[in-house]
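The values are calculated or read from the model by the stated rules, or taken from the named source; none is laboratory data. If you're wondering where the values come from, they're calculated on a predicted model, not measured in any experiment. Virtual Cβ from ideal backbone geometry, glycine too; neighbours counted across all protein chains shown. Side chains are part of the model used for accessible areas, which takes the heavy atoms of the whole protein and leaves out ligands, DNA and RNA. Shrake-Rupley method; radii C 1.70, N 1.55, O 1.52, S 1.80 Å.
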Amino acid sequence: MDDDSSQGDGTTAQSRPADKVAFVLSGGGNRGALEVGALLALLEHEIRPRILVGTSVGAINATAMAINPTLEGAKWLGKTWRRVTKKDVLPDNYMSMAIRLLTGRSSLFDNKRLKDYLESRLPKDMQKFADIKTAELYITAVDIRTGELRVFGIDRTESVIDAVMASSAYPLILAPWEYQGRQYVDGALVSDLPIRVAVQMKATEVYAIDVGKRQTKTIRKSRLGVLRVIRQILNATAYQRFIDDMGWANKLAQDKIHYIMVEGFNEVGTWDFNHTTEMIEKGHQTGVEYLRQLSSHARISDKKAT
């Protein structure tokens, strides 16, 4: 994302909050830029997380924010997103893609370029979850063999980069990621907004930022094709899991669960990074508006109480 990996550690920028606030970040490919905008809005209002939970691109954003969970960190992340291109994270070689298909490989692209890119941005002293002292970080992925959700970060000795790569391995696009003898794919397939993880990790307040496309309509004939049919099925499955995840919100008081859905840019392809600035701005606007409404409701409640 940005050649400067020195985003700081967040130890002096803001005081540690009394409540155990969690930010839960969904998947969504390049729509992760929308998350960045919403994160900026939250941190501008001095809402700082002690827990970061992320899946897929949300795992990438959550990792960056856990390292520096401050407004400074969010600004660094925004700057990083504005510079990323498709070539930074995926091979730009259609011949290679065709060969992988013809030879029965498990994905259109290998993961090497994405891993190299992310590793170059990860501070050298932040290789294990235990190295991150400023916030708790949890990343989710799906175990291919069992189909179960794996939560990385509970074991603080686990590798951060391997967790992020496992969570980002979207089927057909990127190959399953092997770690400790098991293979993993994108955590969003089982839990696109893993609120349950934040609740299980004793969060007292949750801000869930959802940038995923919720596709529930049937497949149109004009869009039929093997890859698109499979992707539609995966999206439909993820939607059902999303409903299950939202049920975990009931375990918190109503005023302690915040659902921020950032919509728009549905026509932008998953790997199109030409609209990043506008997407960050949209996410920021959505976050600011949500907090404005939240403040307004709080004032009304206070008046009724008096």
Subtract the Cα-Cα distance of residue 202 and residue 148 from 0.36 nm times their separation in residues, and report this length gain in nm to one decimal.
17.3 nm
What's the long-distance tail for region 27-73, i.e. % of Cα pairs beyond 16 Å?
30 percent
Over the alpha-carbon set of region 111-188, work out the extent along each principal axis and list the three values in angstrom, largest first.
33, 26, 21
With every protein chain kept in the model, how would you rank 192, 131 by accessible area, 1.4 Å probe, largest at the top?
131, 192
Please report the net charge: other residues with Cβ closer than 12 Å to the Cβ of residue 37, K and R +1, D and E -1.
-1
Enumerate the lysines that residue 213 could reach by cross-link, defined here as Cα to Cα under 29 Å, with residues fewer than 8 away along the same chain left out.
20, 75, 79, 86, 87, 112, 115, 202, 221, 251, 256, 282
For residue 69, what charge total do you get from the other residues with a beta carbon under 9 Å from its beta carbon, if Lys and Arg give +1 and Asp and Glu give -1?
+2
Treat each spin label as a single point 7 Å out from the Cα along the C-beta direction, and report the residue 156 to residue 79 distance in nm.
3.0 nm
So, for the Cα atoms of region 237-296, Rg and Dmax in Å stand at 14.8, 40
In this structure, the FRET efficiency calculated for residue 113 and residue 274 from their beta-carbon separation, with R0 = 22 Å, to the nearest 0.05, is 0.70
Computed accessible area, residue 290, all protein chains, 1.4 angstrom probe, square angstrom:
50 Å²
In nm, to one decimal, how far is the residue 120 label point from the residue 294 one, both placed 7 Å along Cα→Cβ?
3.6 nm
What FRET efficiency comes out for the pair residue 254/residue 285, r = Cβ-Cβ distance, R0 = 30 Å, nearest 0.05?
0.75
